[in-house]
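Below is one structure; the comments refer to it alone.
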Amino acid sequence: SNYVLTKALGGQHYDLGGTRSKLSFCPLYDIQTELDQAQAVQWIVGCMEMQGVKLDAARRGLILAAIQQLAPSEDKSLTKFQALLQDREMREAMTPYTLKGAMGHLLDGKENTIKFSRFVTFELESLMKMGEENYAPLLLYIFSQIERRLKGQPTFVPVDEAWLAFKIGIFKEKLEEWARTWGKKNATLLLATQNMDDALKSDLAPVLLQNFPCKMFLPNPSAKQDTFTPIYRAFGMNTREIEIIAQATERRQYYYTSPLGRRLFSFGFGGVALSFVGAAGMADIERCDEFIAQHGDNWPAEWLRSRGLAEWADYWYKVQV
């Protein structure tokens, strides 16, 4: 749903697991320093735990030894790492993430083909269908790459369909860490889900309730029903606030709570903003690709013109000069 907006802003859009982007990662590409190697060990441990392998200190040592052997090599693929592991069960546990497994096309690269820019979107729809043991390592690696780039510049990281993270136990520790440290790095993490009950029933519930003080609620006509009221109360909502959420206008109003205050609000989107953030369907994506092919870098202006916003299209050309 962010494809058109991402392209209009000159950003990068990656469809993880889909056919629209040819993307591959090399999770062990940066393993030169002791800190890099320790983080790589942690990531490998996560992969193996997702495959049901129990790891003690000796096995962690074998992982570190293989990573240290791999460090001076030009080929730092997971296939090469797997060959260096001195434990058959652990080697087999890595197979799903190599070219012999379901995630190899994404995780068994010899280099990272991802390009970061000021605006990057990762589409998760295809990835969601691959099973937790497959998508969890990839999500953790993407987050590690985002974290590497937090150098103090204002950064906003919204995660839609956050129930993916809620289901993954190894995300709990990471979320606690990010909640404590990202603010110091001038970064904000937003988790969005269509089902609040998923959050409350997950192992992450204490982290979410204690470390994410700002919350935004969509309108819900059923909010006052017995099924939903306890969920809203768990998030700190009182009777009047639940009534406000139940009576709010769908797709227009939102209820915001934070330590600074609480209120119902609407986004003041005009025609220009809606031309991009409101273009979210497959038909819009296909039409966007047609405009890019036909108009090149000038496609956003012609996109606006096609939507009856000729004045803004002319303005777009002016600010490009």
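The values are calculated or read from the model by the stated rules, or taken from the named source; none is laboratory data. Every value quoted in this text rests on a predicted model; they were computed, and no experiment measured them. Counting neighbours? That spans all protein chains shown, and the Cβs are built from the backbone with ideal geometry, glycine included. Just so you know, the surface numbers come from the protein's heavy atoms only, side chains and all, with ligands and any DNA or RNA stripped out. Shrake-Rupley method; radii C 1.70, N 1.55, O 1.52, S 1.80 Å.
For beta carbons closer than 7 Å, sequence separation of 6+ or different chains, a first residue in the stretch 92-109 that is within 18 Å of residue 63 (Cβ to Cβ) and assigned to a loop (DSSP other than H, G, I, E, B) and a second that is open to solvent by 10 Å² or more (accessible area, probe 1.4 Å) and of a type in the set (A, V, I, L, M), the qualifying pairs are 108/99. Restricting the first member to the stretch 183-212 and to residues that are farther than 29 Å from residue 151 by Cα, and the second to residues that are open to solvent by less than 30 Å² (accessible area, probe 1.4 Å) and of a type in the set (A, V, I, L, M, F, W, C), the beta-carbon pairs closer than 6 Å and six or more apart or on different chains are 196/231; 197/231; 198/166; 199/166; 199/208; 202/166.
Determine whether residue 263 is part of a helix (DSSP H, G or I), within 30 Å of residue 177 (Cα to Cα) and open to solvent by 60 Å² or more (accessible area, probe 1.4 Å). Against the criterion (part of a helix (DSSP H, G or I), within 30 Å of residue 177 (Cα to Cα) and open to solvent by 60 Å² or more (accessible area, probe 1.4 Å)), residue 263 does not qualify.
May I ask you to list the residues in the stretch 273-283 that are touching a helix residue (DSSP H, G or I) at 6+ places or on another chain (Cβ under 8 Å), outside any loop (DSSP other than H, G, I, E, B) and surrounded by fewer than 17 Cβ atoms within 10 Å (Cβ to Cβ)? Result: 277, single match. Cβ separations smaller than 7 Å between residues 6+ apart or across chains give the following pairs from the stretch 221-246 residues that are over 24 Å from residue 211 (Cα atoms) to residues that are part of a helix (DSSP H, G or I) and open to solvent by 40 Å² or more (accessible area, probe 1.4 Å): 224/243.
Condition first: touching a Ser or Thr at 6+ places or on another chain (Cβ under 6 Å) and open to solvent by 60 Å² or more (accessible area, probe 1.4 Å). Can you find one or more residues in the stretch 61-76 that meet it? So that I can check it myself, show each step before the final result.
Within the stretch 61-76, the first condition is being touching a Ser or Thr at 6+ places or on another chain (Cβ under 6 Å), and the residues that meet it are none.
Looking through the stretch 61-76, none of the residues is touching a Ser or Thr at 6+ places or on another chain (Cβ under 6 Å) and open to solvent by 60 Å² or more (accessible area, probe 1.4 Å).
One residue alone among 90, 94 is over 24 Å from the mean Cα position of the chain (by Cα), modelled with pLDDT of 90 or more and buried (at least 19 other Cβ atoms within 10 Å of the Cβ), and that residue is 90. Exactly one residue out of 179, 136 is assigned to a helix (DSSP H, G or I), within 28 Å of residue 232 (Cα to Cα), among the small types (Gly, Ala, Ser) and touching a residue at least 12 places away in the same chain (Cβ under 8 Å): that is 179.
Scanning the stretch 125-141 for residues being farther than 16 Å from residue 43 by Cβ and at pLDDT 80 or above gives a total of 0. Just one residue in the set 305, 287 is surrounded by 12 or more Cβ atoms within 10 Å (Cβ to Cβ), charged (D, E, K, R) and more than 30 Å from the chain's Cα centre (by Cα); that residue is 305.
Does residue 250 meet the test of being modelled with pLDDT under 95 and either within 30 Å of residue 214 (Cα to Cα) or not in a helix (DSSP H, G or I) (or both)?
Numbers: modelled with pLDDT under 95: yes; either within 30 Å of residue 214 (Cα to Cα) or not in a helix (DSSP H, G or I) (or both): yes.
Considered against the rule, which asks whether it is modelled with pLDDT under 95 and either within 30 Å of residue 214 (Cα to Cα) or not in a helix (DSSP H, G or I) (or both), residue 250 comes out as yes.
Any residue at all in the stretch 266-281 that's touching a strand residue (DSSP E or B) at 6+ places or on another chain (Cβ under 8 Å), closer than 29 Å to residue 152 by Cα, free of Cβ contacts under 8 Å to residues at least 60 places away in the same chain and not hydroxyl-bearing (Ser, Thr, Tyr)? Looking for residues that are touching a strand residue (DSSP E or B) at 6+ places or on another chain (Cβ under 8 Å), closer than 29 Å to residue 152 by Cα, free of Cβ contacts under 8 Å to residues at least 60 places away in the same chain and not hydroxyl-bearing (Ser, Thr, Tyr), one finds at least one in the stretch 266-281, hence yes.
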